[in-house]
Amino acid sequence: MRYPDNSLKRIFYICYCLNNKNYMTEELELIRDEAEEKMEKAIKHLEYELSHLRAGRANPLLLDGITVDYYGAMTPLAQVSNINTPDAKSILIQPWEKNMLGVIEKAILAANIGMTPINNGDVIRINVPPLTEERRHQLVKQVKQEAETAKISIRTGRKWFLDELKTLLKEGLPEDEEKTGDKLIQEMTDKHIARVDKIMEAKEKEILTV
């Protein structure tokens, strides 16, 4: 059985369980919630990774992760400038302080994002080149790999749940509750796998649309 880590809480929890016939059901709910949290994290990670794949359109997220030296502290680019996309093929960066133009330009070049910043003395513009057919197919392959990684994480969450369920069964969980748990986790797994497929298909379409 899974108890709270704090020893005093653990004592109270055991006493509560001994006086509550439904404690096993509540334990089942706890591991269900934790399994769902693990699967949600896999979905969020997938969305984060795919948001940084260039799909031929200008996107401020392409600069996410770039930091600049701001008075001795490495600071995210978005915190020292305004970043927008005036059109589908360019990104415009306007520092809040003009003396940051050169610093930002160097940081973008050092990030090696495959695009060259143009500093006109007032703003920095980045022209986003169109994707080649070969590059589009490379990106689609990368999308599939990220989606498969997410599915593996989701299935790992399912396995974790089933292992916990077996432990509860040994400790007295009724068999009908075990069957309920089996059904619950399978439905949850199927739902999250379907979400991965939907996210993957949407990103592939975005990449392949010329």
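Figures for the structure shown
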{"item": "Answer residue from region 165-189, given it is in contact with an Asp or Glu (Cβ under 8 Å, 6 or more places away or on another chain), part of a helix (DSSP H, G or I) and touching a residue at least 40 places away in the same chain (Cβ under 8 Å) and is surrounded by the fewest Cβ atoms within 10 Å (Cβ to Cβ) among those", "result": "188"}
{"item": "Residue match in region 91-110 (condition: modelled with pLDDT under 90 and assigned to a loop (DSSP other than H, G, I, E, B))", "result": "no"}
{"item": "When residues of region 6-57 are limited to those that are hydroxyl-bearing (Ser, Thr, Tyr) and closer than 30 Å to residue 207 by Cα, the one modelled with the lowest pLDDT", "result": "51"}
{"item": "Scan of region 112-154 for residues that are among the β-branched types (Val, Ile, Thr), under 27 Å from the mean Cα position of the chain (by Cα) and modelled with pLDDT of 90 or more, ordered by number", "result": "126, 140, 143, 149, 152, 154"}
{"item": "Filter pass, residue 32 being in a loop (DSSP other than H, G, I, E, B), in contact with a Leu (Cβ under 9 Å, 6 or more places away or on another chain) and touching a residue at least 60 places away in the same chain (Cβ under 8 Å)", "result": "no"}
{"item": "Selection count where residues are free of Cβ contacts under 8 Å to residues at least 12 places away in the same chain and under 16 Å from residue 26 (Cβ atoms), scope region 155-164", "result": "0"}
{"item": "Residue selected from region 76-90 under the condition open to solvent by less than 20 Å² (accessible area, probe 1.4 Å) and assigned to a strand (DSSP E or B), by the criterion modelled with the lowest pLDDT", "result": "90"}
{"item": "Which numbered condition residue 126 misses (of (1) assigned to a strand (DSSP E or B); (2) surrounded by 14 or more Cβ atoms within 10 Å (Cβ to Cβ); (3) free of Cβ contacts under 8 Å to residues at least 24 places away in the same chain)", "result": "(3)"}
{"item": "Answer from 113, 118, 152 - the residue that is of a type outside the set (Phe, Trp, Tyr), in contact (Cβ under 8 Å) with a residue 24 or more places away in the chain and either outside any helix (DSSP H, G or I) or exposed (fewer than 13 other Cβ atoms within 10 Å of the Cβ) (or both)", "result": "113"}
{"item": "Qualifying positions in region 44-59 - over 17 Å from the mean Cα position of the chain (by Cα) and over 17 Å from residue 142 (Cβ atoms)", "result": "58"}
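The values are calculated or read from the model by the stated rules, or taken from the named source; none is laboratory data. Here the structure is a predicted model, which means the values were calculated and not measured. Backbone-built Cβ (ideal geometry, glycine too); neighbour counts: all protein chains shown. Each accessible area value is taken on the protein alone, full model and side chains, heavy atoms only, with ligands, DNA and RNA left out. Shrake-Rupley method; radii C 1.70, N 1.55, O 1.52, S 1.80 Å.
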